[in-house]
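Shown next, in C-alpha coordinates, is the structure this report addresses.
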Amino acid sequence: MKFYFLSSLPCALSLGGAYFGKTDNFARHAEVCAKDEVFVEFRPQNALPITFFITEQLPFQPPERCEVYLLPDAIAIYAKDFMPCDFSLKVLFQTRLDDCAVTCFQQGERQICIETKQGMFVNALPPSFFPKEAQKVDSLLMLRGEEDFCLIDSNANLLLYEKCESVDFDGEFLRARLPLRDSKGRKADCAWRLSEGGCERVQFTLLQEKFFPPEELIAFAFFESILFGGDFSLFLNDRLLHEKEKIPAFLGNFLYVLPQEDPLACGLIYQKADRLYEVKIFRVEIKEGKITDIHG
(Lines give C-alpha, C1' and ligand atoms only; values in the text may rest on other atoms or scores of the structure.)
Protein backbone atom coordinates (compact mmCIF):
# COMPACT_ATOMS: atom_id res chain seq x y z
CA MET A 1 0.00 0.00 0.00
CA LYS A 2 1.18 3.55 -0.64
CA PHE A 3 2.19 5.54 2.45
CA TYR A 4 2.93 9.28 2.55
CA PHE A 5 5.29 10.66 5.21
CA LEU A 6 5.24 14.28 6.45
CA SER A 7 6.57 16.05 9.54
CA SER A 8 6.09 19.33 11.38
CA LEU A 9 9.90 19.72 11.64
CA PRO A 10 12.49 18.92 8.96
CA CYS A 11 13.47 15.30 9.60
CA ALA A 12 15.68 12.53 8.28
CA LEU A 13 13.26 9.71 7.45
CA SER A 14 14.40 6.11 7.77
CA LEU A 15 12.38 3.06 6.70
CA GLY A 16 13.52 -0.35 7.88
CA GLY A 17 16.76 1.18 9.14
CA ALA A 18 17.68 2.70 5.74
CA TYR A 19 17.76 6.44 5.09
CA PHE A 20 14.86 7.36 2.80
CA GLY A 21 15.12 11.13 2.54
CA LYS A 22 14.19 14.41 4.21
CA THR A 23 10.62 15.12 5.30
CA ASP A 24 8.77 18.30 6.15
CA ASN A 25 5.42 19.57 4.85
CA PHE A 26 6.34 18.17 1.43
CA ALA A 27 5.26 14.53 1.43
CA ARG A 28 7.51 11.60 0.55
CA HIS A 29 5.84 8.31 -0.36
CA ALA A 30 6.71 4.62 -0.49
CA GLU A 31 4.99 1.30 -1.10
CA VAL A 32 4.89 -0.52 2.24
CA CYS A 33 3.25 -3.81 3.22
CA ALA A 34 1.81 -3.58 6.74
CA LYS A 35 2.44 -7.31 7.29
CA ASP A 36 6.19 -6.64 7.02
CA GLU A 37 6.01 -4.35 10.09
CA VAL A 38 8.51 -1.87 8.71
CA PHE A 39 10.23 0.29 11.33
CA VAL A 40 9.84 4.06 10.74
CA GLU A 41 11.99 6.79 12.25
CA PHE A 42 11.55 10.56 11.94
CA ARG A 43 14.76 12.17 13.27
CA PRO A 44 14.75 15.99 13.62
CA GLN A 45 17.82 18.10 14.32
CA ASN A 46 17.02 19.51 17.76
CA ALA A 47 14.33 17.22 19.17
CA LEU A 48 13.81 13.58 20.07
CA PRO A 49 12.93 11.22 17.20
CA ILE A 50 9.49 9.73 16.64
CA THR A 51 9.63 6.00 15.94
CA PHE A 52 7.06 3.26 15.33
CA PHE A 53 6.29 0.14 13.31
CA ILE A 54 3.83 0.18 10.42
CA THR A 55 1.38 -2.60 11.31
CA GLU A 56 -2.11 -3.60 10.26
CA GLN A 57 -3.41 -1.71 13.33
CA LEU A 58 -2.04 1.64 12.16
CA PRO A 59 -5.25 2.69 10.27
CA PHE A 60 -7.14 2.24 13.56
CA GLN A 61 -4.54 3.25 16.16
CA PRO A 62 -2.20 6.11 15.14
CA PRO A 63 1.37 6.04 16.48
CA GLU A 64 2.05 8.28 19.44
CA ARG A 65 2.71 11.93 18.50
CA CYS A 66 1.50 11.32 14.94
CA GLU A 67 -1.66 11.98 12.97
CA VAL A 68 -2.91 9.43 10.43
CA TYR A 69 -4.98 10.38 7.37
CA LEU A 70 -6.88 7.66 5.53
CA LEU A 71 -6.93 8.57 1.83
CA PRO A 72 -9.05 6.76 -0.77
CA ASP A 73 -5.99 4.88 -2.08
CA ALA A 74 -3.23 5.53 0.48
CA ILE A 75 -2.38 6.42 4.08
CA ALA A 76 -0.59 9.62 5.15
CA ILE A 77 1.39 9.78 8.39
CA TYR A 78 2.16 13.20 9.84
CA ALA A 79 4.81 13.21 12.59
CA LYS A 80 3.76 16.22 14.58
CA ASP A 81 4.48 16.54 18.31
CA PHE A 82 8.26 16.24 18.71
CA MET A 83 9.70 16.37 22.22
CA PRO A 84 12.62 18.77 22.81
CA CYS A 85 15.99 17.22 23.64
CA ASP A 86 16.48 19.55 26.59
CA PHE A 87 14.65 18.33 29.71
CA SER A 88 16.08 20.93 32.09
CA LEU A 89 13.49 23.00 33.96
CA LYS A 90 12.96 26.52 32.58
CA VAL A 91 10.40 28.84 34.16
CA LEU A 92 8.82 31.00 31.43
CA PHE A 93 6.82 33.23 33.77
CA GLN A 94 5.09 33.26 37.15
CA THR A 95 2.25 35.42 38.40
CA ARG A 96 -0.45 35.52 41.05
CA LEU A 97 -4.05 36.28 40.11
CA ASP A 98 -6.24 36.70 43.20
CA ASP A 99 -5.89 33.40 45.11
CA CYS A 100 -4.38 31.57 42.12
CA ALA A 101 -0.62 31.14 41.51
CA VAL A 102 0.23 30.52 37.86
CA THR A 103 3.54 29.14 36.65
CA CYS A 104 4.31 28.48 33.00
CA PHE A 105 7.42 26.35 32.53
CA GLN A 106 9.17 24.07 30.09
CA GLN A 107 10.57 20.67 30.96
CA GLY A 108 10.49 18.81 27.69
CA GLU A 109 6.95 20.01 26.90
CA ARG A 110 5.66 23.47 27.74
CA GLN A 111 3.38 23.13 30.76
CA ILE A 112 1.10 25.15 33.01
CA CYS A 113 0.90 24.79 36.78
CA ILE A 114 -2.03 26.26 38.73
CA GLU A 115 -2.00 26.39 42.53
CA THR A 116 -5.17 27.24 44.46
CA LYS A 117 -6.72 26.30 47.80
CA GLN A 118 -8.14 23.26 46.04
CA GLY A 119 -4.67 21.95 45.14
CA MET A 120 -1.96 22.04 42.48
CA PHE A 121 -2.77 21.11 38.86
CA VAL A 122 -0.34 20.64 35.96
CA ASN A 123 -1.08 20.10 32.28
CA ALA A 124 0.74 20.28 28.94
CA LEU A 125 0.19 23.19 26.53
CA PRO A 126 -0.09 22.97 22.71
CA PRO A 127 3.43 22.41 21.27
CA SER A 128 3.22 25.50 19.06
CA PHE A 129 2.05 27.78 21.91
CA PHE A 130 4.58 30.01 23.71
CA PRO A 131 2.67 31.95 26.40
CA LYS A 132 3.93 35.35 27.54
CA GLU A 133 1.34 36.42 30.13
CA ALA A 134 -1.78 35.31 32.00
CA GLN A 135 -4.99 37.04 33.08
CA LYS A 136 -8.27 36.10 34.70
CA VAL A 137 -11.33 36.17 32.43
CA ASP A 138 -14.43 35.53 34.50
CA SER A 139 -13.78 32.20 36.30
CA LEU A 140 -11.21 31.02 33.74
CA LEU A 141 -7.58 31.76 32.99
CA MET A 142 -6.41 33.14 29.64
CA LEU A 143 -2.82 32.67 28.53
CA ARG A 144 -1.57 35.03 25.80
CA GLY A 145 1.15 34.47 23.22
CA GLU A 146 2.29 36.88 20.53
CA GLU A 147 -0.26 35.64 17.96
CA ASP A 148 -2.43 33.17 19.87
CA PHE A 149 -4.22 32.50 23.15
CA CYS A 150 -5.71 29.67 25.14
CA LEU A 151 -8.29 29.28 27.90
CA ILE A 152 -7.56 27.12 30.95
CA ASP A 153 -9.93 26.11 33.75
CA SER A 154 -9.01 25.99 37.44
CA ASN A 155 -7.83 22.37 37.07
CA ALA A 156 -5.38 23.35 34.26
CA ASN A 157 -7.55 21.71 31.59
CA LEU A 158 -7.21 23.26 28.12
CA LEU A 159 -10.62 24.51 26.94
CA LEU A 160 -9.75 26.57 23.85
CA TYR A 161 -6.71 27.36 21.73
CA GLU A 162 -6.80 29.80 18.80
CA LYS A 163 -4.51 31.85 16.62
CA CYS A 164 -5.65 35.46 16.82
CA GLU A 165 -4.95 39.02 15.73
CA SER A 166 -6.63 40.43 18.83
CA VAL A 167 -8.49 39.11 21.86
CA ASP A 168 -10.32 40.87 24.68
CA PHE A 169 -12.81 40.14 27.46
CA ASP A 170 -15.53 42.79 27.72
CA GLY A 171 -16.98 41.53 31.01
CA GLU A 172 -19.66 39.48 29.29
CA PHE A 173 -18.03 37.76 26.29
CA LEU A 174 -14.55 36.85 25.20
CA ARG A 175 -14.07 38.39 21.75
CA ALA A 176 -11.31 37.69 19.23
CA ARG A 177 -10.45 38.32 15.60
CA LEU A 178 -9.13 35.11 14.07
CA PRO A 179 -7.10 34.70 10.86
CA LEU A 180 -8.64 31.73 9.03
CA ARG A 181 -5.51 30.99 6.98
CA ASP A 182 -7.60 30.00 3.99
CA SER A 183 -6.87 30.60 0.30
CA LYS A 184 -8.37 34.11 0.40
CA GLY A 185 -6.76 35.31 3.64
CA ARG A 186 -10.13 35.83 5.32
CA LYS A 187 -10.72 36.64 8.97
CA ALA A 188 -13.57 36.13 11.42
CA ASP A 189 -14.85 37.94 14.51
CA CYS A 190 -15.78 35.42 17.20
CA ALA A 191 -17.28 35.61 20.66
CA TRP A 192 -17.52 33.02 23.44
CA ARG A 193 -19.74 32.90 26.52
CA LEU A 194 -17.66 31.75 29.49
CA SER A 195 -18.68 29.63 32.45
CA GLU A 196 -16.89 27.73 35.19
CA GLY A 197 -17.32 24.53 33.20
CA GLY A 198 -16.05 25.84 29.87
CA CYS A 199 -16.80 28.17 26.98
CA GLU A 200 -19.45 28.26 24.26
CA ARG A 201 -19.00 30.05 20.94
CA VAL A 202 -21.96 32.35 20.38
CA GLN A 203 -20.76 34.40 17.40
CA PHE A 204 -18.83 33.70 14.19
CA THR A 205 -18.88 36.58 11.72
CA LEU A 206 -16.91 36.06 8.54
CA LEU A 207 -15.20 39.18 7.26
CA GLN A 208 -15.25 38.91 3.48
CA GLU A 209 -16.05 40.77 0.36
CA LYS A 210 -17.78 39.13 -2.57
CA PHE A 211 -15.24 36.88 -4.17
CA PHE A 212 -15.48 35.47 -7.69
CA PRO A 213 -12.48 33.21 -8.33
CA PRO A 214 -11.33 31.91 -11.69
CA GLU A 215 -13.10 28.71 -12.70
CA GLU A 216 -10.18 26.47 -11.68
CA LEU A 217 -10.53 27.70 -8.06
CA ILE A 218 -14.33 27.60 -7.77
CA ALA A 219 -14.50 24.13 -6.19
CA PHE A 220 -11.88 24.97 -3.56
CA ALA A 221 -13.43 28.37 -2.75
CA PHE A 222 -16.90 26.78 -2.54
CA PHE A 223 -15.92 24.10 0.00
CA GLU A 224 -13.89 26.59 2.04
CA SER A 225 -16.86 28.96 2.18
CA ILE A 226 -18.99 26.17 3.67
CA LEU A 227 -16.24 25.30 6.16
CA PHE A 228 -15.83 28.88 7.41
CA GLY A 229 -19.47 29.90 7.30
CA GLY A 230 -19.25 32.12 4.21
CA ASP A 231 -21.94 32.80 1.63
CA PHE A 232 -21.47 29.75 -0.61
CA SER A 233 -24.67 30.55 -2.54
CA LEU A 234 -22.49 32.80 -4.75
CA PHE A 235 -21.11 29.66 -6.40
CA LEU A 236 -24.42 27.84 -7.08
CA ASN A 237 -26.65 27.79 -10.14
CA ASP A 238 -30.39 28.43 -9.79
CA ARG A 239 -31.30 24.76 -9.24
CA LEU A 240 -28.82 24.18 -6.43
CA LEU A 241 -29.61 27.56 -4.95
CA HIS A 242 -33.08 26.28 -4.04
CA GLU A 243 -31.45 23.32 -2.24
CA LYS A 244 -28.61 25.19 -0.52
CA GLU A 245 -29.87 24.32 2.98
CA LYS A 246 -29.27 20.60 2.26
CA ILE A 247 -25.68 20.97 1.10
CA PRO A 248 -23.89 21.32 4.51
CA ALA A 249 -25.74 18.25 5.80
CA PHE A 250 -24.79 16.32 2.64
CA LEU A 251 -21.11 17.15 3.11
CA GLY A 252 -21.08 16.57 6.87
CA ASN A 253 -18.81 18.01 9.54
CA PHE A 254 -15.44 18.33 7.82
CA LEU A 255 -12.40 20.12 9.27
CA TYR A 256 -10.17 21.05 6.32
CA VAL A 257 -10.19 21.29 2.53
CA LEU A 258 -7.40 19.79 0.41
CA PRO A 259 -7.00 20.83 -3.24
CA GLN A 260 -6.52 18.03 -5.77
CA GLU A 261 -4.82 17.78 -9.16
CA ASP A 262 -8.30 17.86 -10.68
CA PRO A 263 -9.42 21.50 -10.12
CA LEU A 264 -13.05 20.36 -9.94
CA ALA A 265 -12.33 18.04 -6.99
CA CYS A 266 -11.35 18.60 -3.35
CA GLY A 267 -10.54 16.33 -0.45
CA LEU A 268 -12.57 16.99 2.70
CA ILE A 269 -10.99 15.88 5.97
CA TYR A 270 -13.18 14.29 8.67
CA GLN A 271 -12.10 13.25 12.16
CA LYS A 272 -12.73 9.58 12.99
CA ALA A 273 -10.95 9.42 16.35
CA ASP A 274 -8.14 11.11 18.27
CA ARG A 275 -5.33 11.79 15.75
CA LEU A 276 -7.15 9.72 13.10
CA TYR A 277 -8.75 11.35 10.04
CA GLU A 278 -10.45 10.26 6.84
CA VAL A 279 -10.19 12.12 3.52
CA LYS A 280 -13.22 11.95 1.21
CA ILE A 281 -13.11 13.27 -2.34
CA PHE A 282 -15.96 15.44 -3.62
CA ARG A 283 -16.23 16.70 -7.18
CA VAL A 284 -18.35 19.50 -8.62
CA GLU A 285 -19.71 20.14 -12.08
CA ILE A 286 -19.48 23.71 -13.39
CA LYS A 287 -21.33 25.42 -16.20
CA GLU A 288 -21.01 29.12 -17.04
CA GLY A 289 -19.06 29.77 -13.83
CA LYS A 290 -21.66 28.22 -11.49
CA ILE A 291 -21.75 24.83 -9.73
CA THR A 292 -24.50 22.65 -11.19
CA ASP A 293 -23.91 19.43 -9.20
CA ILE A 294 -21.87 17.91 -6.36
CA HIS A 295 -20.72 14.26 -6.30
CA GLY A 296 -19.32 12.39 -3.30
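Report yes if some residue within the stretch 67-86 is over 24 Å from Pro10 (Cα atoms) and part of a strand (DSSP E or B); otherwise report no. No, the stretch 67-86 contains no residue that is over 24 Å from Pro10 (Cα atoms) and part of a strand (DSSP E or B).
Take Gly230 and decide whether it is farther than 18 Å from Leu206 by Cβ, of a type in the set (Gly, Ala, Ser), open to solvent by less than 60 Å² (accessible area, probe 1.4 Å) and out of contact with any Ser or Thr (no Cβ under 6 Å at 6 or more places or on another chain). Criteria not met by Gly230.
Would you confirm whether or not the stretch 29-40 contains a residue that is more than 21 Å from Leu276 (Cβ to Cβ), among the small types (Gly, Ala, Ser), without any contact (Cβ under 8 Å) to a residue 60 or more places away in the chain and assigned to a strand (DSSP E or B)? No, every residue in the stretch 29-40 fails to be more than 21 Å from Leu276 (Cβ to Cβ), among the small types (Gly, Ala, Ser), without any contact (Cβ under 8 Å) to a residue 60 or more places away in the chain and assigned to a strand (DSSP E or B). For Met120, are the conditions met, namely being buried (at least 18 other Cβ atoms within 10 Å of the Cβ), among the aliphatic types (A, V, I, L, M), touching a strand residue (DSSP E or B) at 6+ places or on another chain (Cβ under 9 Å) and at pLDDT 95 or above? Criteria not met by Met120. Only one entry of Cys104, Cys150, Cys113 meets the criterion of being within 18 Å of the chain's Cα centre (by Cα) and modelled with pLDDT of 90 or more, and that entry is Cys150.
Pairs linking a residue in the stretch 270-289 that is closer than 18 Å to Pro63 by Cα to a residue that is among the β-branched types (Val, Ile, Thr) and open to solvent by less than 60 Å² (accessible area, probe 1.4 Å), with Cβ atoms under 8 Å and 6 or more positions apart or on different chains, are Arg275/Val68; Leu276/Val68; Tyr277/Val68; Tyr277/Ile269; Glu278/Ile269. When residues in the stretch 87-127 are screened for being in contact with a Gly (Cβ under 8 Å, 6 or more places away or on another chain) and assigned to a strand (DSSP E or B), 0 of them pass. Within the stretch 239-285, the residues that satisfy the criterion of being more than 22 Å from Arg181 (Cβ to Cβ), open to solvent by less than 80 Å² (accessible area, probe 1.4 Å) and more than 23 Å from the chain's Cα centre (by Cα) are Leu240, Leu241, Glu243, Lys244, Ile247, Asp262, Leu264, Val284, Glu285. Taken over the stretch 1-19, residues that are surrounded by fewer than 16 Cβ atoms within 10 Å (Cβ to Cβ) and in a strand (DSSP E or B) amount to 3.
The values are calculated or read from the model by the stated rules, or taken from the named source; none is laboratory data. Because the structure is a prediction, the values reported are computed rather than measured. So basically every Cβ, Gly included, is an ideal-geometry build from the backbone, and we count neighbours across all protein chains shown. To get the accessible areas, we keep the full protein, side chains included, count just its heavy atoms, and leave off ligands, DNA and RNA. Shrake-Rupley method; radii C 1.70, N 1.55, O 1.52, S 1.80 Å.
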